[in-house]
1. Out of curiosity, is Val427 closer than 17 Å to His372 by Cα, touching a residue at least 12 places away in the same chain (Cβ under 8 Å) and buried (at least 23 other Cβ atoms within 10 Å of the Cβ)?
2. For residues in the stretch 485-512 being among the small types (Gly, Ala, Ser) and outside any loop (DSSP other than H, G, I, E, B), which is surrounded by the most Cβ atoms within 10 Å (Cβ to Cβ)?
3. Of everything in the stretch 390-408, what is in a helix (DSSP H, G or I) and more than 19 Å from Ala432 (Cα to Cα)? Give them in sequence order.
4. Looking only at the stretch 307-336, count every residue that is assigned to a helix (DSSP H, G or I) and either in the same structural domain as Ile641 (by TED's automatic domain parsing) or charged (D, E, K, R) (or both) and tell me the total.
5. When you scan the stretch 255-287, how many residues do you find that are outside any helix (DSSP H, G or I), crowded, with 17+ Cβ neighbours inside 10 Å and not hydrophobic (A, V, I, L, M, F, W, C)?
6. Which of the residues that make up the stretch 461-484 are surrounded by fewer than 18 Cβ atoms within 10 Å (Cβ to Cβ) and under 22 Å from Val389 (Cα atoms)?
7. Would you mind finding the one in Thr656, Thr620, Thr597 that is at pLDDT below 85, closer than 26 Å to Lys533 by Cα and either surrounded by 15 or more Cβ atoms within 10 Å (Cβ to Cβ) or not hydroxyl-bearing (Ser, Thr, Tyr) (or both)?
8. Just to be sure, is Ile433 without any contact (Cβ under 8 Å) to a residue 12 or more places away in the chain and assigned to a helix (DSSP H, G or I)?
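The values are calculated or read from the model by the stated rules, or taken from the named source; none is laboratory data. Predicted, not measured: the structure shown is a model, and the values here were computed from it. So basically every Cβ, Gly included, is an ideal-geometry build from the backbone, and we count neighbours across all protein chains shown.
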Amino acid sequence: MSSNKIRFKGQIRTYILWPVWMTLFVAVFAIGMYFVNIRAGVFATVFFVVYASVAYFLYFRDRGRVVRDLISFATQYGQVQKQLLRDLEIPYALLDETGKVIWTNDAFEQTMNITKKYSKNITNLIPEITKEKLPRMEHETESVVSVDGHDFRASMNKVSMSALMEASDAVETVDYDSFLIALYMFDVTEVNALARQVEEQKMVCGLIYMDNYDEALESVDEARRSLVVALIERQINKYFSKVDAIVKKLEKDKFLVVMKKKELDNIVESRFGILEEVKNANIGNEVSFTLSIGFGAGSDSFDQNYEYARTAIDLALGRGGDQAIIKTEDEISYYGGRREVTGKNTRVKARVKAHALREIIESSDNIIIMGHKILDVDAFGSSIGIYRVAKTFNKKVNIVVDEVTTSIRPMLDMMIHDGAHDESVFVSREGAIEIAANTECTLVVVDVNRPSFTGCPELLELCNTIVVLDHHRQGAEKIENATLSYIEPYASSASEMVSEVLQYISDRVKLMADEADCLYAGMVVDTNNFVTKTGVRTFEAAAYLRRNGADVTRVRKMFRDDVGTYKARAEIVSNAEIYDRAFAIAVTPDTVVDSPTIIGAEAANELLNINGIRASFVLTLHDDEVFISARSIDDINVQVIMEKLGGGGHMNVAGTQIKDVTVEEAKKSLIAVLQEMKEKGELQ
């Protein structure tokens, strides 16, 4: 290409053309000199001619040389840039919009162990960089990847081809939105290693409580009690001394533990073996010792970690003990708790809670009683028990019954038609909200301790005084600022707890026969006819209800099903699938219209009667939510399984509610949890 066809532009054109502009200036100057003096004008003209000739000669003679030098420089500059990119110590690559490798530098080729001609998709080299992680709408994305034991921060920048082509005189773009991706790989192996080291060296705080210290010692001969205590303390000290921890005894049954985060991770890998070690310790004690452990971690503040530990230990005790819980700012992890907790024979706690409840009720004018969503027999029965207490002290009382299921309809009809109970006692969700908004009310929550599972969560905000009575294990979500909280995982049912409270709250409390039937029915259902989760106190509570007029025959009649319900339950059982030869999974058919969740729960109990089935799960679609009823026999803890799906309950009776999913999706999630727990050894 001739240099004459190349034109300068911009600042370089201005610089190259300055002699031309200077020639014009000298010409004007020469003409002006004639008006001053003829001789001066002639002299200026001669100077102009000489200057113009020299300038013209130099301009046209050197122009081509300048152009060639500029082209040579530009070419060399581009080569220098390309070489700098090739020699760049940071691995660098160009990808097309699909992720296909177009160009790589030496560092990238060495890191990935590839050649210059590599042209496959980046996912083949780095599986972590999937198609979804490439920049699309955003201009920059980052991913953390691992290559041959090294950690990299992969930064991907979007380079618009349209912007590049707009600067070109050779190509015109019309609605062209293609782009390239510049991939930079920053080695962060050392940084991550240092960060992990700092994290591992952080101090964590733990609290260890003996759950049943007094009960266990009572089963030991007096001469051996000191030996048993010394053995348990030695096991605790020996276990934690292996991980370089400091153990300090605070009280006879309480210990403080301080260690590094790294050591806590090692304990987690062993899944807190100290729980089983202490439980198996026996030198004559009939009752095994159990521990509750709470650890606080994740904060840079020692004081904050201690507060986390206190929260964790309270949660462990609220869930029945015999387990370890680790709490951080964003997460709560559970370990142990596979076996059913041992009930306590002492009723001291029930008596103390009963007296506290009496003081609250006596100081209140209006009482609202609320259970969980889709009220069941236990929630209704325990509500009736609290109702009787409130009426004994002449308080205005209402029970929230938003949906009448087949299970509670017989009891509700019995209460309304016996002539002793006013139908206005039972109010809907909207009615309860109106009452609480216009009056000062005390809210008593029964058979549930999670705000999102209550029949009307709005009442928790409207009522200043809140009482919680529940037998389910406490989870991370709990009712905050409760004036009185009585959560007893040892109890078989909320009806059992209320029956005990009735015996201590006042001698004036006298149950009517139909009220005793409701409480007795709640115990019968939650214990599956006194087969599961029954203890001495369960039968004592049942005896108290029998003395107050509870009739076994009347209760049994209330539980009889119609033909449609019986067939629906049988259909669920017959269509159940067996997973891993031990878990029965069934789905409630769409044909079940009336109280499908109750039928699903009953079917889950029926499935346990099949030989070899250790746990059963029945999924029911109701009101755009999937309800899962979980039941178990043997040592499968369905509560832990349901907690992983957002629910909770007891070891043998649990459930959850999942929104915005289909039944099939919920079923897949359940199977995935079972598979994950089995791989981790959590399901034996």
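1. no
2. Per the criteria, the residue is Ser495.
3. Thr392
4. 3
5. So the answer is 2.
6. Asn464, Ala482, Thr483, Leu484
7. Residue meeting the stated conditions: Thr597.
8. Here the answer is no, as Ile433 does not meet what is asked.
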